[in-house]
Amino acid sequence: MGGKAPIGILTDRDAVMRKALRSTMSESCHRWCLWHIMQKFCRKLGKNVEYLDLKEDLEHAIYDSLDGDEFEMNWATVMERYNLSENEYDWLQDMYEKRNLWGPAYLKNLFWAGVKMTQRVESINSCFGCYVDKHTPLYEFAESYCEAMEGRENAGSKADESTTRNIRQILTGFPIEEVFQKCYTDAKFNEVQRECSKILYVNCVRRRKLDDFVEEYELEDRVWTKPKYYRKDILTKRKIKYVATFNSLTKEVSCQCKHFECHGIMCKHMILLYDLNNQTEVPEKYILRCWRKDLERKHTKVKVMYHDPLKTETVCRYDKLQVLFDPICKKASSYKETVDVVVEIFQLLDIRLDEKISMLDRHNDATQSEEVMLGTPSSVCLEKGMTEVMVKNLEQVLNMVLGSFQDPHPRVRWEAINAIGQLSTDLGPDLQLQYH
């Protein structure tokens, strides 16, 4: 992982694994899988005469507590309400002392990428259940595993194609929803829409200035719960207050509910604050790369047993370039001066690619419509902040553009004339200094 430890690791209660993680990844948060803990309720507490009520109250304390203080209060209420045996009390007390390792109320401040407490085993079973079972021989396991992973890969590819073709319609009038519609995958944009639809039940009861740029908001919200075996959240009559802040200088927001920190999706409170302050843009830190649909995933170009990306022409060309550039990079890494030479050539190559891609795009567009009007190749390069590089390599750039005057396609020759005019406008003093 490039020498970077993960933020959190989800495991069962294995003591050996915990010790190994503490010594090798001390900065990572070690979290216990709540599914394993809940599975032990029957074995540890099943003999209690009030087991069903006890289990229900414990689940309420675990899943419905919004913070650590509320969890501790609910847990104490359960311990006082029921007549527990010595073994039952000792086991629950031991779990309570280690609550920061498994309690949802204590882990919501860390990013878990949407992984839920009960999802680990259930997701594995649903993935491999159709391919392997406890009777599968070892010699068939590898092949079945590849089939299962290939099925996941195909499902992901279909989801990507669906996201590209079909765009989910806007549900609310919040500008933030439009921002995420353009860049997020369909599944994640659906989560954003759910948060937008819940803003109806959020009220701002107080706001005050903390300094010249930061303003604090006290928001009253209705509590949403997801009962067992339900697929959707259920609105309750219970109300709770959150504190959120908005910085008018940096456009950053923070919320006490920690929904964004845990799930990577902006919560309804943050979206409401942007709307109250008439903000239509979202800082990049709130648009996570892992949810975006407009980025190319490098791992899709890697060949593995269950996925062969070489079936596409683009990846074949990519592989060819990798083979050509790898020895050059290895050779150049010997000295700093050779690295500088390669970097300078790559910058010039980047300009040349922009010119060529721009001309090819115009050629393709011209075959579809003669009315397509786009910027000149030189303006494309200048927009990328490559002015200094172009001035440094002005002779090569001019020779490249002048060479396009001999291109057989009239549109390319026309664009070359436009490029000369644009260069004269943007780099006029440099042209006069070198050629007059």
- Cross-link reach list, lysines versus K392, counting only Cα pairs under 17 Å and skipping chain neighbours closer than eight places: K384
- For the peptides 257-264, 39-46, what is the packing order when you average, over each peptide's residues, the other Cβ atoms within 10 Å and list the highest mean first? 257-264, 39-46
- Query: Taking all pairs of different Cα atoms in the range 155-205, averaging 1/r and flipping that mean, what Kirkwood radius in angstroms comes out?
  - Reply: 11.9 Å
- Query: Could you give the length gained on full extension between H36 and Q347, defined as 0.36 nm per residue of separation minus the Cα-Cα distance, in nm?
  - Reply: 106.6 nm
- Task: May I ask you to compute the full-extension gain from Q406 to D67, defined as 0.36 nm times their residue separation minus their alpha-carbon distance, rounded to one decimal in nm?
- Result: 114.9 nm
- Note on the structure: HN-Hα couplings for the range 8-13 via Karplus (6.51, -1.76, 1.60; θ = phi - 60°), in whole Hz with x for Gly/Pro, come out as x, 10, 9, 9, 7, 8
- Query: Rounded, prolate or oblate: which fits the range 175-291 when a ≥ b ≥ c are the square roots of the eigenvalues of the alpha-carbon gyration tensor, with rounded for a/c under 1.5 and prolate only if a/b beats b/c?
  - Reply: oblate
- Query: What FRET efficiency, computed as 1/(1 + (r/R0)^6) with R0 = 45 Å and r the Cβ-Cβ distance, is obtained for T338 and L360, rounded to the nearest 0.05?
  - Reply: 0.90
- Message: Averaging over every viewing direction, what projected area does the convex hull of the Cα atoms of the range 251-298 cover, in nm²?
- Response: 3.9 nm²
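I'd like to compare 337-348, 15-26: which one has the highest average count of other Cβ atoms within 10 Å, and what's the full order after that?
Highest-to-lowest ranking by the protection proxy: 337-348, 15-26.
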- Query: For the pair Q322 and E153, what calculated FRET efficiency results from E = 1/(1 + (r/R0)^6), where r is the Cβ-Cβ distance and R0 = 22 Å, to the nearest 0.05?
  - Reply: 0.55
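Of all the C-alpha pairs in the range 8-107, what % are more than 19 Å from each other? Walk me through the numbers on the way to the answer.
Values: 2180 of 4950 pairs.
Distances greater than 19 Å cover 44 percent of the Cα pairs.
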- Once fully extended, how much extra length lies between E140 and C290, figured as 0.36 nm per residue of separation less the alpha-carbon to alpha-carbon distance? 50.6 nm
- Message: Given Cβ point charges of +1 (Lys, Arg) and -1 (Asp, Glu) and nothing else, what value in debye, to the nearest 20, does the dipole of the range 175-291 about its Cα centre take?
- Response: 780 debye
- Query: In the structure displayed, which of K239/K285; K188/K336; K241/K285; K4/K293 lie more than 32 Å apart, Cα to Cα?
  - Reply: K188/K336
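Readers should treat all values here as calculations from the given coordinates under stated rules, not as data from a laboratory. All figures in this text were calculated on a predicted structure; none of them were measured in a lab. With ideal geometry, Cβ positions are generated from the backbone for all residues, glycine too; neighbour counts draw on all protein chains shown.
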